[in-house]
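For reference, the structure is listed below as C-alpha cells.
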Amino acid sequence: MDFTFTEEQQAAAEAARGVFAGVAPDGVPSPALTRGAVADSFDRALWERLAAADLLSLLLDEEYGGAGLDAVALCLALRESAKVLARVPLLEHSAALAAVQSHGGPQARAALLARAGRGEIVLTVAGNGRTGHDPAELAVGARLENGGGATTGSDGGPGEGVWVLEGVQTAVPWAYDADFVLVPAHTGDDRAILALVPREHRGVVLAEQISTTGERLGELRLESAWIPARDVITADGAWERLRALLATGTCALALGLGERVLRMTGDYTSKREQFGHPVASFQAVAVQTADRYIDLRAMEVTLWQAAWRIASGAPGALPAAGDVAVAKIWASDGVRRIVQTAQHLHGGFGADVDYPLHRYHAWAKHLELSLGPAAAHEEALGDLLAAHPLG
C-alpha cells in the first residue's frame with residue numbers, strides 16, 4: 001500500500017482548509033448553558049461555501065458535476081472540518097451520495113446526485129438503530145407490496161410495487177435539515193436494503209433529540225411509510241459499504257479533533273508558567289503529551305489503512321471490515337484519552353464552559369459514543385480473525 005496522497009487528494013485537503021479557515025469553534029453557545037439545541041439548523045452559510053468549493057461532490061463522478069475522488073479525499077476534508085467543529089452534514093451527505101451513485105437506480109441518480117452535489121438538497125443517514133447499540137438494519141422492517149403500480153427497480157430494470165417500512169431509528173443526525181434520509185432496513189429474507197425516505201412524507205414522524213454536542217438529532221419513526229421501489233437500493237453489500245464509509249469518516253473526524261486539541265494543549269502548557277518555568281518543560285506534562293501524540297499517530301495510520309481499503313477495494317488477508325474495526329478501536333479510545341489529558345493539563349480552564357476546550361470535549365464524547373466501545377470492535381476483529389486465519 002502507498003499512503004502518499006495524490007495531487008487531487010491534496011487539492012481537496014487544501015480546499016477544505018481554505019473553507020474552514022474562518023470558522024470559529026467557540027462561536028456557538030455551550031450545550032451546558034442552553035436549553036434544547038444550540039441551533040435550529042446547521043451552518044447554512046458554511047454549507048454554501050463547501051458547495052462553491054466543490055467539496056460536497058468529492059465522491060461524485062464527473063457526469064454529476066463531481067471530482068470523482070475517493071474515501072481518502074473525503075477523510076482529508078472531514079479531518080479539517082473537525083478541527084473547527086464545523087456544523088455541517090458533510091460526512092452523512094457524502095456517504096449517502098456515494099451509496100446512491102454506486103447502487104441506486106437511474107431515476108434516483110438523475111433526480112438527486114447533481115443537485116445534492118451543488119448543495120441544493122441535503123441527505124443524511126439513519127445508522128444508529130433503535131437504541132444506538134443494535135444493528136441499524138434490524139431496527140426497521142421492510143416488505144415489498146405489488147399494489148403500488150409499476151416502478152423501476154434499484155438496478156434499473158423493471159420492478160413493481162412499493163416498499164412499506166415499519167420501525168424506529170434513533171439519533172438521526174441532521175434529521176430536521178435533510179431532504180432525504182437514507183434508511184437501512186431488513187426484509188423477510190434477511191437482506192438489508194437502503195430506502196431514500198423524504199423527511200416530509202406520509203408515515204414519517206420525527207421526534208427531537210439532543211446530542212452530547214448540543215446538536216439537534218431526530219428519532220425517526222416509520223409508520224407504514226410507502227417508498228417507491230425506484231427509491232430503494234437492494235444491491236447486496238450496499239449497506240455494509242455505506243456503514244464502513246460512515247465509520248471511517250467518523251474516525252477522520254476524531255483524528256482532526258484530536259490534532260486540534262493536542263495543539264491547544266501544547267500552546268497552553270508552553271505559555272503557562274509555574275515556579276518560573278513553562279509547565280510544558282515538566283517531565284510529567286511532557287510524558288502525557290507524548291503519549292497522546294502516539295495515540296494520534298496510531299489513529300492516523302489506521303484511518304488511512306481503512307480509507308485506502310475502502311477506496312481501492314484491494315484484497316487482503318482480512319475483509320475491509322477488519323481494517324475499519326482497527327481504526328475504530330484507536331479512534332474511540334484515542335480521542336477520549338486526548339481530551340481527558342487536555343482537560344487535566346489545562347487545569348481550571350479545562351472545566352470552564354466558556355473556554356473552547358469544553359466544546360471539543362463534548363464533540364469528542366459524541367464521536368466516541370458514535371464509534372462504540374473499543375472492546376466491542378476488538379471482539380468483532382477477533383471473530384474476523386477466527387473466520388479468516390492469517391498465514
Practice prompt. Please indicate, with yes or no, whether at least one residue in segment 69-91 is surrounded by 15 or more Cβ atoms within 10 Å (Cβ to Cβ) and touching a strand residue (DSSP E or B) at 6+ places or on another chain (Cβ under 8 Å).
Written response: yes
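Inspect segment 246-258 for any residue being touching a residue at least 12 places away in the same chain (Cβ under 8 Å), polar (S, T, N, Q) and outside the structural domain of Ala325 (by TED's automatic domain parsing) and give the result as yes or no.
Checked segment 246-258: no residue is touching a residue at least 12 places away in the same chain (Cβ under 8 Å), polar (S, T, N, Q) and outside the structural domain of Ala325 (by TED's automatic domain parsing).
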Response to the item:
Given (1) under 24 Å from Asp70 (Cβ atoms); (2) modelled with pLDDT under 95; (3) not hydroxyl-bearing (Ser, Thr, Tyr), Leu113 misses just (2)
Worksheet item: What do you reckon, is Val301 surrounded by fewer than 23 Cβ atoms within 10 Å (Cβ to Cβ), farther than 19 Å from Ala331 by Cβ and either of a type in the set (Val, Ile, Thr) or assigned by TED's automatic domain parsing to the domain that holds Ala192 (or both)?
Response: no
Worksheet, complete the sentence: Apart from one, (1) surrounded by fewer than 14 Cβ atoms within 10 Å (Cβ to Cβ); (2) at pLDDT 95 or above; (3) within 30 Å of Glu300 (Cβ to Cβ); (4) not acidic (Asp, Glu) all hold for Arg241; the odd one out is (1)
Fill in: Filter result for Gly237 (within 20 Å of Val339 (Cβ to Cβ) and not basic (Lys, Arg))
no
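May I ask you to say which residue of Leu253, Leu194 is buried (at least 24 other Cβ atoms within 10 Å of the Cβ), within 16 Å of the chain's Cα centre (by Cα) and closer than 30 Å to Asp70 by Cα?
That would be Leu253, the only listed residue that is buried (at least 24 other Cβ atoms within 10 Å of the Cβ), within 16 Å of the chain's Cα centre (by Cα) and closer than 30 Å to Asp70 by Cα.
Somewhere in segment 271-278, is a residue farther than 25 Å from Val183 by Cα and either in contact (Cβ under 8 Å) with a residue 12 or more places away in the chain or polar (S, T, N, Q) (or both)?
Among the residues of segment 271-278, at least one is farther than 25 Å from Val183 by Cα and either in contact (Cβ under 8 Å) with a residue 12 or more places away in the chain or polar (S, T, N, Q) (or both), which makes the answer yes.
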Discussion item. Being out of contact with any Gly (no Cβ under 9 Å at 6 or more places or on another chain) and farther than 21 Å from Val164 by Cβ narrows it down to one residue among Ala280, Ala252; which is it?
Written reply: Ala252
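Hey, among Leu56, Leu90, Leu78, Leu123, which residue is within 21 Å of Arg199 (Cα to Cα) and within 12 Å of the chain's Cα centre (by Cα)? Walk me through how you get there before you give the answer.
Values: Leu56 fails: within 12 Å of the chain's Cα centre (by Cα); Leu78 fails: within 21 Å of Arg199 (Cα to Cα); Leu123 fails: within 12 Å of the chain's Cα centre (by Cα).
The conditions single out Leu90.
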Discussion item. Need the failing condition index for Pro135 against (1) surrounded by 21 or more Cβ atoms within 10 Å (Cβ to Cβ); (2) modelled with pLDDT under 95, just the number.
Written reply: (1)
Worksheet item: How many residues are at pLDDT 90 or above and either more than 30 Å from the chain's Cα centre (by Cα) or exposed (fewer than 14 other Cβ atoms within 10 Å of the Cβ) (or both) when one looks only at segment 261-282?
Response: 2
Worksheet item: Can you tell me which residues in segment 283-298 are farther than 13 Å from Leu255 by Cβ and buried (at least 17 other Cβ atoms within 10 Å of the Cβ)?
Response: Val285, Gln288, Thr289
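Of the residues Val204, Val183, which is crowded, with 24+ Cβ neighbours inside 10 Å and assigned by TED's automatic domain parsing to the domain that holds Ala139?
Val183
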Worksheet, complete the sentence: Expected output for segment 372-391 (first residue surrounded by 14 or more Cβ atoms within 10 Å (Cβ to Cβ), partner in a helix (DSSP H, G or I) and of a type in the set (S, T, N, Q), Cβ below 7 Å, 6+ apart or cross-chain) is Gly372/Ser332; Pro373/Ser332; Ala374/Ser332
Fill in: Residue count, segment 246-284 (criterion: outside any loop (DSSP other than H, G, I, E, B) and in contact with a strand residue (DSSP E or B) (Cβ under 9 Å, 6 or more places away or on another chain))
5
Worksheet item: Within segment 199-236, can you find the residues that are touching an Asp or Glu at 6+ places or on another chain (Cβ under 8 Å) and hydroxyl-bearing (Ser, Thr, Tyr)?
Response: Ser224, Thr234
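The values are calculated or read from the model by the stated rules, or taken from the named source; none is laboratory data. Bear in mind the structure is a predicted one, so any value in this text is a computation, not a measurement. All Cβ positions, even for glycine, are placed from backbone atoms using ideal geometry, and neighbour counts span all protein chains on display.
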